[in-house]
1. Using only DSSP helix segments of four residues or longer, with each worth -39500 (n - 2.57), what per-residue ellipticity at 222 nm results for the chain after dividing by its residue count and rounding to 500?
2. Report the extension gain between residue 307 and residue 62 in nm, rounded to one decimal, defined as 0.36 nm multiplied by the number of residues separating them, less their alpha carbon distance.
3. Considering the Cα trace of the range 333-491, what is its radius of gyration and what is Dmax, both in angstroms?
4. Extension gain residue 582-residue 228, at 0.36 nm per residue separation less the Cα-Cα distance, in nm?
5. By counting other Cβ atoms within 10 Å of each Cβ, how are 433, 580, 364 ranked from fewest to most?
6. Apply 1/(1 + (r/R0)^6) to the Cβ-Cβ distance of residue 501 and residue 152, taking R0 = 45 Å, and write down the FRET efficiency to the nearest 0.05.
7. Can you compute the label reach from residue 430? Point 7 Å from Cα along the Cβ direction, backbone N cut-off under 16 Å, restricted to the range 355-389.
8. What nm distance separates the two modelled labels at residue 382 and residue 400, each placed 7 Å from Cα along Cα→Cβ?
């Protein structure tokens, strides 16, 4: 007994000593945290000021870029007009009318020195003899300046607001008139309407006199009647002098002024055109709000840390007693999620279904789309956090008798009760929304998408085990895995039959590669800028199955991409194309460019470059006769790797093209980062629109930009002569489509080349 009391006394002493140390640690931690809070507050203040400056600079850059781009366009047109031998107003007018159809200006016209102008609207209307002789922008342009006007109400379309652009037209080094164009004020207003500090700030455009010439939507009612900069609030004498000096000299300036609502931070950035400035304003209280949020957050963190620390100390004595429970958890608990593991789920699930034979249950199987990509992009640690978050959400939405587990990696399975199937659909939509919201800070560049299949027990036509039901749910989710966005579907026998069919086709595909059932079809590429001479051909795959006959690529290519068999098919087709080309060249035939498609999966194989370069060398194919076509979707997988691969391929004598440009995620921004040789435009994509003029403007500008970057353009999917003439007029190099030829077997293609002997290929007459 004495010994027990001594032990208890020692334990008590140790306990008190531990807690004294803990209190000292907590006080030190609290002091350090307060110092850190003050440091963060200072950083927030500086960051807020930097953000305001960056917002102003971004608006300034965008406004300057927009106006400069418009002036560049107009200067080019003015130069063309000035180069005319005779400056005839009607002739110039017709020229401008045609030009305006391919520009963004809503109105354009030529004014002589008397200031009389005929305006031509983008909609085809003409406004004759408009007198602009008294307008300042006209008179300034006569002096040789490029001028943009203030925002004014459109005299032709009351209620709409516009800006006039005026540039001089020179003939024989003399200003002989003014090119005047009109653009909607909304073009510039969209730029300055960009939110500042969550819409608590605003951006305006002012001139060197301090007059507000364009006001953003965020300005608010309090400044609705303000027309001058000095009406916004009160500045100190020193700040006012600095402001006047900045306006006079066209310099940047940050300052603070007093308004009715308190102090305001402001940044002035010169646009560099017309003496205009960008003025960005935000309440200084925003910074104070950030301070408060930071302080509160840090205090909560400190308190939470202290409570956790004390909690751990309190439970120190219980660690040993919990060891047995931890061993038990290791057997039946998933270490990542803390919930049932696969083994325990199947045991408990069978019991639930056995005890509730007549109750309907949905047996579901779910995974996270592109989870491997998420792991690579954000790290495995964040990937685990996403899985844990999904598990927590599933737990929050669980009801009585509902069970779930993580089967493996990002795969989850579960049992959920229901009365109507729509309940399962609503539940899935809630899961998608909550997981996206919960991990948005970790995956802000890539949304979380779920894919789920559900087997409903009320569909049972045979006695199935839980494992059988899970397999069917998994089968259902796999059937929709390639669809865009989060998807959910119920299991049907049609899905099972389709799965069986795909499994059979996959097996047939492996056998078909061995038996060389895949054949090459060639579709000619025609150079429309050189009298419709064949410039090459694209090698397309066809499957002539001994069992099923001719199978469309649309049936087997998606399946092969899913199973990985597309890599073997790519390499098979590439070697067959090289073999044919070698025989073609050995026969003394003229050089011919052959394009071969490469799948996304094939591109990212470790030995991709080595293999393709090796086959090229094996068949002694001269440099730049082989073209590898990549779809734009590879940019989503790994743009940096793709860029490096393209550069290596070009060094190894390949041409590289970006296929289906415009049909997916591509943008013109892609072109500046890739050293591709050829850009393939999917013309069929542009046919889906309703505005033919806009479509053609997009196509024409894409082709023009490609030419500036020394990238050849190929239009594929062209079906009629009207498209050919349009593409030829805008400078597109090559056309590929049914208008000239359908894909044909190698022998037929070879015979066509022999027949033509370098002559032009005719357009097909339907």
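Computed from the coordinates by the stated procedures, all read-outs in this text should not be read as laboratory data. Being a predicted model, the structure only gives us computed values, none of them experimental. With ideal geometry, Cβ positions are generated from the backbone for all residues, glycine too; neighbour counts draw on all protein chains shown.
1. Working: 22 runs with 361 residues, N = 766.
The helix contribution divided over the chain gives -15500 deg cm²/dmol.
2. Between residue 307 and residue 62, full extension yields 83.2 nm more.
3. For the range 333-491, the Cα-based Rg and Dmax read 15.1, 46 Å.
4. Taking 0.36 nm per residue and subtracting the Cα distance, the gain is 119.9 nm.
5. Ordered from fewest to most neighbouring Cβ atoms within 10 Å, 433, 580, 364 come out as 433, 580, 364.
6. Computed FRET efficiency for residue 501 and residue 152 comes out at 0.10.
7. 362
8. Reported label-point gap for residue 382 and residue 400 is 4.2 nm.
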